[in-house]
Amino acid sequence: MKLQQAYISEAVAVGNWKIIGYKGPGDQASTGLKSSTTNFEYTDEGTYSTGNTTTLGSTAVKGFSVKNVVKLNDCGIAADNWKVEVAKADGSEGEASFTSTTQCSELTPNFEKIGK
C-alpha cells in the first residue's frame, strides 16, 4: 500500500504494479502483473484507462487480489479470497482510501486493517 500511496500522492492516479515498482512474491508472470507461489496466486486486477494508470476517483478501483490454489484449513480454493480496492479519499487531492476484504479472516485476522 505504501508504494501505491506514494504514487497516488505524486500522480493523483492509481498505478499498476509495474509503474509503482512492485513485484509480487514468488514467480513473476511476463506481464509483471501476476506472481505465484506454491499456495497462492497474486494479481494486479486494476482496470487502467491509460495502460499503466487510471484516474483516482470516488469509484473504487480493484487492485491487489490473492487467490489460494490449495485448501488452507477452513479456507477453500476460491478467486479473490483477499483483495484491496483503492478510491479517492474525501478531502484533498492525491489522497486515497484503501478497502481490504477477505473471505478467510481465520487465516489473516488483521488483513482488513491494511491501509487503515
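So, R0 is 25 Å and r is the distance between the beta-carbons of Q28 and A89; what FRET efficiency does that work out to, to 0.05?
Calculated transfer efficiency: 0.25.
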Point to revise | Simple Cβ-charge dipole of the stretch 2-113, Lys/Arg +1 and Asp/Glu -1, about Cα centre, in debye nearest 20 | key: 240 debye
Review point. Which percentage, to the nearest 5, of the DSSP beta bridges contained in the chain is antiparallel?
Key: 100 percent
Point to revise | Gaussian network model of the chain, springs between alpha carbon atoms under 10 Å - residue of F98, F64, F40 with greatest fluctuation | key: F40
Revision key, fill the gap. Place a point 7 Å from the Cα of A60 in the direction of its beta carbon; the residues of the stretch 92-106 whose amide N falls under 20 Å from it are 92, 94-106
Check your understanding: Shape call for the stretch 5-68 from the C-alpha gyration tensor, a ≥ b ≥ c root eigenvalues: rounded (a/c under 1.5), prolate (a/b greater than b/c) or oblate?
Key -> prolate
Study note, to complete from the structure: For the chain, the longest principal axis of the Cα atoms and the Cα long axis of helix 2-11 enclose an angle in degrees, to the nearest 10, of 20 degrees
Practice item. Please report, largest first and rounded to whole Å, the three semi-axes of the ellipsoid equivalent to the stretch 30-94, where each semi-axis is the square root of five times an eigenvalue of the C-alpha gyration tensor. Key: 28, 15, 7
Revision key, fill the gap. Of the listed pairs K2/K67; K34/K67; K2/K113; K2/K62; K34/K62, those with alpha carbons more than 20 Å apart are K2/K67
Exercise for review: Quick one: P(r) of the chain from all Cα-Cα pairs, 10 Å bins, percents rounded to integers, in order of increasing distance.
Suggested key: 14, 44, 32, 9, 0
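Coordinate-derived values only; no laboratory data. Source: prediction; values computed, not measured. When we count neighbours, we look across all protein chains shown, and the Cβ atoms used for this are built from the backbone with ideal geometry, even at glycine.
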